[in-house]
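**Q** Have a look at the structure that comes next, please.
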Amino acid sequence: MRHNQVLLGHGSGGKLSHDLIANIFIKYFDNPILKQQTDSALLKVDSQHLAYTTDSYVVDPIFFPGGNIGKMAVAGTVNDLAVSGAKPLYLSTGFIIEEGFPLNELEIIVKSMAEEAEKAGVLIVTGDTKVVDRGKCDKIFINTSGIGILNEKLLDISSGINISIGDKIIINGRIADHGMAILSARNELNISSTIESDCACLNHLIEAVIESGANIKFMRDATRGGLATVLSELAAGKDYGLSIDEAHLVVSEPVKGMCEILGFDPMYVANEGKVVLVVNGKDAKKAIKIMNDNPLGKEAAIIGEIVAEHPGKGWITTSIGGKRIIDMLTGEQLPRIC
Amino acid sequence: MKYIDEYRDRELVLKLIDQINKASTKPVTLMEVCGGHTMAIQKFGIPSLLPENIKLVSGPGCPVCVSSRKYIDQSVAYAKLPNVIITTYGDLIRIPGSSSTLDEEKAKGADVRIIYSVLDALKIAKDNPKKKIIFLGIGFETTAPSSAVGIINAHKQGITNFFLFSSHKVMPPAMTAIIDEGVKIDGYIAPGHVSTITGSGIYKDIADIYKLGCVISGFEPVDLLQSILMLIRQFEKGEPKVEIEYSRVVKPEGNLKAQQMLDEVFELKDDWWRGLGILPKSGLKIRDLYKKYDAEFMIPVEVEATREDKGCLCGEILKGLKTPKDCKLFGKGCTPSDPVGACMVSHEGACNAYYRFNRE
C-alpha cells in the first residue's frame with residue numbers, strides 16, 4: 001500500500017477497499033470464517049447453519065427519491081443474508097446521531113425501517129444509540145447486523161465453487177438507479193430527474209427462485225462498485241471466464257442520460273436492490289420466469305454466461321458488437337452513496 | 001436515448017466495418033489525438049472489430065497526462081497553504097506528484113473540492129470571502145474557454161479572491177511535433193471538442209504541409225468508424241485533407257464567441273509537454289490585463305523539487321511510439337489504484353483505458 005492514510009476511495013468497495021481489507025483487517029482478524037470473505041459469515045452452531053452479517057450506512061443525502069438511510073440499512077443487511085442463501089430472521093441496529101438532529105426526521109427514518117423489516121419478515125430485536133457533538137458526524141449514521149438460518153443445500157452459494165461452464169448469469173432488473181438517484185438528490189449538480197433508488201429487500205424474490213428448485217450456483221447483491229465489480233470479482237482467479245452481452249443490460253433512459261452527461265459507466269454505478277445470480281444453464285429460463293412474476297424481478301434477464309475462454313476475466317460484448325474486458329471500480333465514482 | 005442510440009446502432013456499425021474492410025488494402029496507422037476518443041474506442045471494443053492492417057494509436061490529447069508533474073507539485077503546495085480552497089475537476093486529485101497527491105492532502109485536512117463548472121468555483125469564492133479560491137485550469141481549447149469565463153465573470157462581479165492556476169494548452173503544436181519527432185502515422189482522428197471551439201482551420205497545415213489526413217470525429221462508435229473510413233479513403237487515394245465527420249457539432253469556423261473570450265484572457269506561451277518537451281506557443285498564459293486572477297503571479301508558493309518516475313513510459317505512449325502494453329510497469333507496478341504515471345489515472349489516459357478495457 002502506497003498510501004499512509006485512509007482515502008475516500010478506501011470506502012468505495014473497489015480495489016482500494018480490497019487492499020485495506022487484505023492488508024489490515026484480515027491481517028489481524030485472521031480466521032477461516034472471515035477469510036472466505038463472503039457477503040455474510042457462514043457459521044455452524046451445533047448442527048444449525050447460520051449466516052451473520054453487518055453493514056454501516058452513511059449515505060448523503062439521508063432522504064432521497066425511493067428511500068432513505070433507514071430503509072437502506074434494513075434492506076442492505078437483509079439482502080446480504082438473502083444472497084448467502086439464508087432466511088433473514090433478526091436484525092440489530094446502532095445509531096450514531098449528530099447533536100441537533102431533528103426528532104421528526106429520526107422518526108421518519110425509524111418508521112421506514114420498521115416498515116421495511118415487516119415487508120422482509122424480520123424483527124429488529126436489539127439496538128444502540130450514541131449522540132455525538134455537532135459536526136462530529138454528518139446528521140446520522142446507522143449500522144445494522146443481521147442473522148439468518150442458512151439453507152443447508154445452499155452452503156456453497158457464497159463461494160460459488162459449483163459454478164461450471166455453461167451456467168447463465170442473471171440480474172433481476174435495470175442497473176444504476178440508486179447511484180444516480182443519490183447523485184441527482186444532491187443539490188450540487190442542479191440536475192433534477194425522475195430517477196428513484198431501487199432500494200428494496202430482495203429476500204422474498206430470492207426465496208421464490210430457491211423454492212422453484214432452480215440450481216443456483218452463486219448469488220451476490222450488486223451494490224457499491226456496481227454490476228461490473230461483482231462480475232470481475234466473480235471471475236478473478238477462476239479457471240473459467242465470463243461472457244456478458246451489453247445489449248441485455250437494462251438501463252433506464254434518465255439514468256443513461258445522466259451517465260452520459262457525467263461520464264459514468266452504469267455498470268459501475270451502485271444499486272441497492274439488485275442481485276446477480278449464476279444459475280445452471282437449463283434452469284435459467286425457469287428462474288427468469290419466477291423472477292418476472294415478482295415486481296422486484298419483472299425486468300430480470302439473462303445477461304451472460306460462464307465460458308471456458310479467457311479464464312479469470314469477464315468479457316463484455318459491447319452494444320456495437322465489440323469486445324472488451326470488465327474491470328473493478330477504482331476509487332470513487334460518487335461520494336457516500338451507501 | 002435520442003441522438004445517442006443512432007450512433008451506437010449495431011447494423012450501422014457492421015455496415016461501416018464492411019466498408020472499411022473493402023476500402024483498406026494496405027497497413028495503416030491512425031492516431032486518435034483526444035483522450036475522449038481513446039476512451040470511447042476502448043470502451044466499445046472498436047479495435048476488436050477492425051481488420052488487422054489498421055492500427056490505432058493514442059495521442060497526446062489527455063490533458064492531465066501531458067501536464068508536468070511540477071504542475072501537480074505546485075497544486076499540492078497551494079493546497080497546503082492556509083486559507084486556500086483548491087477547486088478542480090475530478091481527474092486531477094489522484095494524479096501523483098513527486099511526494100503527494102491532492103487526494104492525500106485532502107485526507108490530511110486540505111480544502112480540496114471537486115467541482116463540475118468554473119462557476120461553482122466563483123460561488124465558493126463569493127461564499128468564502130476570506131479565503132483564496134484557486135481553480136486548477138487544465139485542458140485544451142475545450143476547457144480553456146470556461147476558465148476564461150471564470151476570469152471574465154470574476155472581473156465583472158468584482159470577485160477578488162478567485163485565482164486561476166493555468167495549465168491550459170493548445171492542440172495543434174503537439175500534433176505537428178509528433179510528426180516532426182518522426183512518429184510514423186498515416187492520419188489523425190482529430191479531436192471533436194477542441195474543434196468545436198477552434199473550427200477546422202487549425203489542421204490545415206497538417207494536411208497541406210505534412211501531407212497527413214485529419215478527420216474531426218465525434219465520440220460515438222458510428223462517428224469513430226465513419227472517421228476511420230474517411231481517413232482510409234484519403235490514405236488509399238493519397239489525398240490527405242481536413243474533413244469534418246462531427247458536422248452536427250463542429251462548424252468550419254468554430255465557436256467565434258469562445259475564441260474571442262480565449263483571446264481576451266489568454267496569450268500563447270512556450271510550454272512543456274510530457275513526452276514532447278517544450279513546444280513553442282503551445283500553452284495559454286493569462287494576459288497582463290487579468291494578472292490579478294493569475295494564481296502563479298498572485299500567490300507565491302515554495303514547491304518541492306520535482307522528481308519524475310523512472311521506468312514510466314508515459315512520454316513515449318503520449319507520442320504514440322509505444323502502447324501501454326509495452327511498458328513494463330503496466331498492470332504490475334502501475335495500476336489505476338496505485339498509479340505511477342498520469343496516463344494511468346485520468347479516465348482519458350491511454351494506460352487507464354487499456355487497463356480497464358483491453359488488458360489481455
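The values are calculated or read from the model by the stated rules, or taken from the named source; none is laboratory data. These figures come from a predicted structure and were not determined experimentally. For neighbour counting, all protein chains shown are included, and Cβ atoms are generated from backbone atoms with ideal geometry for every residue, glycine included. We work out accessible area using only protein heavy atoms, side chains counted, and drop any ligands, DNA or RNA first. Shrake-Rupley method; radii C 1.70, N 1.55, O 1.52, S 1.80 Å.
**Q** Looking at (1) in contact (Cβ under 8 Å) with a residue 24 or more places away in the chain; (2) closer than 30 Å to A:I161 by Cα; (3) hydroxyl-bearing (S, T, Y), which is the only condition A:T93 fails?
**A** Tallying (1) in contact (Cβ under 8 Å) with a residue 24 or more places away in the chain; (2) closer than 30 Å to A:I161 by Cα; (3) hydroxyl-bearing (S, T, Y), A:T93 fails exactly one: (2).
**Q** Taking the stretch B:317-326 only, how many residues are assigned to a helix (DSSP H, G or I) and at pLDDT 85 or above?
**A** So the count comes out to 4.
**Q** Shifting gears a bit: If a residue counts only when it is on the phi < 0 side of the Ramachandran plot and open to solvent by 10 Å² or more (accessible area, probe 1.4 Å), which strands (runs of 3 or more DSSP E) contained entirely in the stretch A:212-313 have at least 2 such residues?
**A** A:216-221, A:241-245, A:301-307
**Q** Still on this structure, please answer the following. Would you please name the residue that is farthest from A:G226 (Cα to Cα), looking only at residues in the stretch A:1-54 that are among the small types (G, A, S) and away from every other protein chain (no Cβ under 14 Å)? Talk me through it step by step, then tell me what you get.
**A** Of the residues in the stretch A:1-54, the ones among the small types (G, A, S) are A:9, A:11-14, A:17, A:22, A:40-41, A:47, A:51.
Applying the additional criterion that residues be away from every other protein chain (no Cβ under 14 Å) yields A:40-41, A:47, A:51.
Details: A:S40: 18, A:A41: 22, A:S47: 36, A:A51: 23 Å.
Applying the filter and picking the extreme gives A:S47.
**Q** Let me ask something else. Quick check on my filter: what residues within the stretch B:3-45 are facing chain A (nearest Cβ under 9 Å) and outside any helix (DSSP H, G or I)?
**A** Those that are facing chain A (nearest Cβ under 9 Å) and outside any helix (DSSP H, G or I): B:I4, B:D9, B:F44, B:G45.
**Q** Which residue out of B:P324, B:P339 is under 21 Å from the mean Cα position of the chain (by Cα), more than 19 Å from B:G277 (Cα to Cα) and more than 13 Å from chain A (Cβ to nearest Cβ)? Quick ask: steps written out before the conclusion?
**A** Numbers: B:P339 fails: more than 13 Å from chain A (Cβ to nearest Cβ).
Residue meeting the stated conditions: B:P324.
**Q** Have a look at B:I185, B:I206, B:I197 and point out the one that is aliphatic (A, V, I, L, M) and under 28 Å from B:I72 (Cβ atoms). If you could, list the steps in order and put the result at the bottom.
**A** Values: B:I185 fails: under 28 Å from B:I72 (Cβ atoms); B:I206 fails: under 28 Å from B:I72 (Cβ atoms).
Residue meeting the stated conditions: B:I197.
**Q** So in the stretch B:229-249, with the set limited to residues that are hydrophobic (A, V, I, L, M, F, W, C) and touching a strand residue (DSSP E or B) at 6+ places or on another chain (Cβ under 6 Å), which one is farthest from the other protein chains (Cβ to nearest Cβ)? It would help to see each step written out before you state the result.
**A** Here is the first cut: in the stretch B:229-249, the residues hydrophobic (A, V, I, L, M, F, W, C) are B:229-232, B:235, B:242, B:244, B:249.
In the following step, the residues that additionally are touching a strand residue (DSSP E or B) at 6+ places or on another chain (Cβ under 6 Å) were identified as B:230-231, B:235, B:242, B:244.
Numbers: B:M230: 18, B:L231: 19, B:F235: 22, B:V242: 27, B:I244: 22 Å.
Filtering first and then ranking leaves B:V242.
**Q** Given the criteria out of contact with any Leu (no Cβ under 8 Å at 6 or more places or on another chain) and in contact (Cβ under 8 Å) with a residue 24 or more places away in the chain, does B:P47 qualify?
**A** no
**Q** Still on this structure, please answer the following. If you take the residues in the stretch B:94-111 that are over 13 Å from B:A77 (Cβ atoms) and more than 9 Å from every other protein chain (Cβ to nearest Cβ), which one is farthest from the chain's Cα centre (by Cα)?
**A** Restricting to residues being over 13 Å from B:A77 (Cβ atoms) and more than 9 Å from every other protein chain (Cβ to nearest Cβ), the top hit is B:G109.
**Q** Right, something else. Evaluate the stretch B:248-267: report whether one residue or more is open to solvent by 70 Å² or more (accessible area, probe 1.4 Å), among the basic types (K, R), under 30 Å from A:G314 (Cβ atoms) and more than 18 Å from the chain's Cα centre (by Cα).
**A** There is no residue in the stretch B:248-267 that is open to solvent by 70 Å² or more (accessible area, probe 1.4 Å), among the basic types (K, R), under 30 Å from A:G314 (Cβ atoms) and more than 18 Å from the chain's Cα centre (by Cα).
**Q** Among the residues of the stretch A:257-279, is there at least one that is more than 14 Å from chain B (Cβ to nearest Cβ), more than 26 Å from A:Y57 (Cα to Cα) and under 21 Å from the mean Cα position of the chain (by Cα)?
**A** yes
**Q** Let me ask something additional. Return the residues of the stretch B:285-316 that are without any contact (Cβ under 8 Å) to a residue 60 or more places away in the chain, part of a helix (DSSP H, G or I) and either exposed (fewer than 14 other Cβ atoms within 10 Å of the Cβ) or not acidic (D, E) (or both); say none if nothing qualifies.
**A** If the condition is that a residue be without any contact (Cβ under 8 Å) to a residue 60 or more places away in the chain, part of a helix (DSSP H, G or I) and either exposed (fewer than 14 other Cβ atoms within 10 Å of the Cβ) or not acidic (D, E) (or both), then B:D288, B:L289, B:K291, B:F297, B:G315 are the ones that fit.
**Q** Every residue in the stretch A:175-194 that is away from chain B (no Cβ under 14 Å), open to solvent by 10 Å² or more (accessible area, probe 1.4 Å) and in contact (Cβ under 8 Å) with a residue 24 or more places away in the chain, please.
**A** A:D177, A:A185, A:T194
**Q** When you scan the stretch B:86-97, do you find a residue that is of a type in the set (F, W, Y), surrounded by fewer than 19 Cβ atoms within 10 Å (Cβ to Cβ), in a loop (DSSP other than H, G, I, E, B) and at pLDDT below 95, even just one?
**A** No, the stretch B:86-97 contains no residue that is of a type in the set (F, W, Y), surrounded by fewer than 19 Cβ atoms within 10 Å (Cβ to Cβ), in a loop (DSSP other than H, G, I, E, B) and at pLDDT below 95.
**Q** Does B:T142 fit the bill of being at pLDDT below 95, in a loop (DSSP other than H, G, I, E, B) and surrounded by fewer than 24 Cβ atoms within 10 Å (Cβ to Cβ)? Walk me through how you get there before you give the answer.
**A** Values: at pLDDT below 95: yes; in a loop (DSSP other than H, G, I, E, B): yes; surrounded by fewer than 24 Cβ atoms within 10 Å (Cβ to Cβ): yes.
Yes.
**Q** Of all residues in the stretch A:76-128, which are assigned to a strand (DSSP E or B) and among the hydrophobic types (A, V, I, L, M, F, W, C)?
**A** A:A86, A:L89, A:L91, A:F95, A:I96, A:I97, A:L123, A:I124, A:V125
**Q** Could you give every pair whose Cβ atoms fall below 6 Å, whose first residue belongs to the stretch B:59-72 and is closer than 13 Å to B:G36 by Cα, and whose second residue is part of a loop (DSSP other than H, G, I, E, B) and open to solvent by less than 10 Å² (accessible area, probe 1.4 Å), counting only separations of at least 6 or pairs across chains?
**A** Listed by first residue and then by second, the contacts come to B:G61/B:P191; B:C62/B:S346; B:C62/B:G349; B:P63/B:G139; B:V64/B:I95; B:V64/B:S346; B:C65/B:S346; B:C65/B:G349.
**Q** Oh, and also: Do you know which residues across the stretch B:209-228 are more than 14 Å from every other protein chain (Cβ to nearest Cβ), surrounded by 22 or more Cβ atoms within 10 Å (Cβ to Cβ) and hydrophobic (A, V, I, L, M, F, W, C)?
**A** B:L212, B:C214, B:V215, B:I216
**Q** To continue, here is another question. Conditions: (1) touching a residue at least 24 places away in the same chain (Cβ under 8 Å); (2) in contact with a Leu (Cβ under 6 Å, 6 or more places away or on another chain); (3) open to solvent by 20 Å² or more (accessible area, probe 1.4 Å); (4) hydrophobic (A, V, I, L, M, F, W, C). B:A107 meets all but one. Number of the miss?
**A** Against the list (1) touching a residue at least 24 places away in the same chain (Cβ under 8 Å); (2) in contact with a Leu (Cβ under 6 Å, 6 or more places away or on another chain); (3) open to solvent by 20 Å² or more (accessible area, probe 1.4 Å); (4) hydrophobic (A, V, I, L, M, F, W, C), B:A107 comes up short only on (1).
**Q** Follow-up. Being buried (at least 23 other Cβ atoms within 10 Å of the Cβ), part of a helix (DSSP H, G or I) and touching a Lys or Arg at 6+ places or on another chain (Cβ under 8 Å) is the filter here, so list the residues in the stretch B:145-196 that pass it.
**A** Within the stretch B:145-196, just B:I178 meets the criteria.
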